[in-house]
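A.B. asks: Sending over a structure as structure tokens; questions will come in a sec.
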Amino acid sequence: MNETISFVIEENESGRIDKILAKNYPDFTRSFIQKQIEKGLLTINNKQQSGSYKVKTGDTIELNLPPLEEVDILPENIPLNIVYEDNDLIIINKPQGMVVHPASGHYSGTLVNALMHHCKDSLSGINGEIRPGIVHRIDKDTSGLLMVAKNDKAHLSLSEQLKDHSITRKYHAIVYGKLKDDEGIIDKPIARSPKDRKKMAIVQGGREAKTSYKVIERFKDATYVELKLYTGRTHQIRVHMTSIGYPLIGDPLYGRTKHIFGLDQQMLHAKVLGFDHPITNEKLHFESELPQKFSTTIDRLRKIT
């Protein structure tokens, strides 16, 4: 059965409805609430609205939450590359090709299955049974660092840091073409593509998305870059780099249909992760080595003249 959040805006409340919902219902993360709104499940005064709607005194708010999907997510003894672990969180270096959390028709072999075996019952429950502990995600074919919360207090703190853009997330990527500028910023809104629902796209009125890039090395027809995320939209780096004419090498969804060296997975690695410990406030900083396929691709590009 669906659960419905229903209330009336009082005189002392103002601002965006997604922020108000996240503040008043701390058991749900803001990203979870925003996803439900994007599905069209929010109505204000019996009219469907977006998360950016600015409330007025007397507005009647209703948000329908879908029932939890009843599936058995089982622990699986899958090896994990653990970079750091304590009682509150765990940092994983995810391999390319591993799905982060179960989804329809894909309930085994994921990072969540592996975490459930490793952590037993020590995972936050804020995002439900499908995504225990998952604070943020990276694409299946993106490798690199990912933080996981072991309890709800840690989860809420890390989610707030993500929302405030205070977490440092740097990626390394290889893109087609020679970037002219040594560094730059891409600030373009992203939303679901109106032409292809499998893709995200630059869409006026979409959610704010900001990425900076810095050239590490140039090759004959490609560039090795470092990218910093200021926001965390789905496929953000892939969409942003394609939008300025430099799609990721190997990306099967954006840019080219056939790739150099026969690559069919994007050359994108979450290399740096920095944030404040959710309980002790200690500043933490992690870096991971490039995966072998990424390093081999760089070596092969260096040989092309």
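A.B. asks: Under a Cβ-only charge scheme (Lys and Arg +1, Asp and Glu -1), can you give me the dipole magnitude of the range 162-305 about the Cα centre, in debye to the nearest 20?
C.D. replies: 620
A.B. asks: Could you sort 183-189, 19-25 so that the peptide with the highest average Cβ count within 10 Å comes first and the rest follow in order? Let's see the in-between values first.
C.D. replies: On the way: 183-189: 14.4, 19-25: 17.0.
Sorting 183-189, 19-25 by mean packing, highest first, produces 19-25, 183-189.
A.B. asks: Still on this structure: For the chain, what relative contact order do you get, as a whole percent, if you take Cα pairs closer than 8 Å and at least 6 residues apart?
C.D. replies: Numbers: 622 pairs, mean separation 41.5, N = 305.
14 percent.
A.B. asks: Enumerate by residue number the GluC sites (Glu not before Pro) in the range 258-290 meeting two conditions: DSSP loop (anything except H, G, I, E, B), and at most 14 other Cβ atoms within 10 Å of the site's Cβ.
C.D. replies: Those satisfying the criteria are GLU282, GLU289.
A.B. asks: Give the residue list of trypsin sites (Lys or Arg not before Pro) in the range 173-226 that are DSSP loop and have at most 12 other beta-carbon atoms within 10 angstrom. Kindly include the intermediate steps, with their values, before the conclusion.
C.D. replies: Working: sites: LYS178, LYS180, ARG192, LYS195, ARG197, LYS198, LYS199, ARG207, LYS210, LYS214, ARG218, LYS220; in loops: LYS178, LYS180, LYS195, ARG197, LYS198, LYS199, LYS220.
For trypsin sites (Lys or Arg not before Pro) across the range 173-226 that sit outside H, G, I, E and B with at most 12 neighbouring Cβ atoms in 10 Å, the list reads LYS180, LYS195, ARG197, LYS198, LYS220.
A.B. asks: Can you give me the Cα centroid spacing of the range 108-168 and the range 180-239 in angstrom?
C.D. replies: 23
A.B. asks: With a Förster radius of 25 Å, plug the Cβ-Cβ distance of LYS220 and ASP276 into 1/(1 + (r/R0)^6) and report the FRET value to the nearest 0.05. Don't skip to the answer; put the middle values down first.
C.D. replies: Working: r = 42 Å, r/R0 = 1.68.
Result of the calculation: an efficiency of 0.05.
A.B. asks: Past 20 Å, Cα to Cα, is the threshold; run LYS140/LYS271; LYS188/LYS228; LYS54/LYS210; LYS180/LYS220; LYS94/LYS210 against it and keep the listed order. All intermediate terms of the calculation are to be shown ahead of the outcome.
C.D. replies: Values: LYS140/LYS271 15 Å; LYS188/LYS228 14 Å; LYS54/LYS210 23 Å; LYS180/LYS220 13 Å; LYS94/LYS210 24 Å.
The pairs that break the limit, which is 20 Å between Cα atoms, are LYS54/LYS210; LYS94/LYS210.
A.B. asks: Please give the length that would be gained between VAL83 and ALA103 if that part of the chain were fully extended, namely 0.36 nm times their separation in residues minus their C-alpha to C-alpha distance (nm, one decimal). Walk me through the numbers before you get to the answer.
C.D. replies: On the way: separation 20, 0.36 × 20 = 7.20 nm, distance 2.56 nm.
That pair, VAL83 and ALA103, stretches by 4.6 nm at full extension.
A.B. asks: Summarise the long-distance tail of P(r) for the range 133-242 by giving the % of C-alpha pairs beyond 21 Å. Could you put the intermediate results ahead of the total?
C.D. replies: Numbers: 2644 of 5995 pairs.
More than 21 Å apart: 44 percent of the Cα pairs in the range 133-242.
A.B. asks: Could you work out which residue, out of ASP72, ASP139, ASP152, moves most in a Gaussian network model of the chain, that is, has the largest mean-square fluctuation with Cα springs under 10 Å?
C.D. replies: ASP72
A.B. asks: Which residue, ASN151, ASN281, ASN77, has the most motion in a Gaussian network model of the chain that connects Cα atoms within less than 10 Å?
C.D. replies: Of ASN151, ASN281, ASN77, the Gaussian network model singles out ASN281 as fluctuating most.
A.B. asks: Let me ask something else. How large is the charge dipole for the range 127-204, taken about the Cα centre, if only the Cβ atoms of Lys, Arg (+1) and Asp, Glu (-1) carry charge, to the nearest 20 debye? Write out the running numbers ahead of the final one.
C.D. replies: Numbers: 16 positive and 11 negative charges, 74 e Å.
Using only the charged Cβ atoms, the result is roughly 360 debye.
Read-outs: derived from the displayed coordinates by stated rules, not from any lab. As the structure is a computational prediction, the values presented were derived from the model and not from experiment. Glycine also receives a Cβ, built like all others from the backbone with ideal geometry; neighbour counts cover every protein chain displayed.
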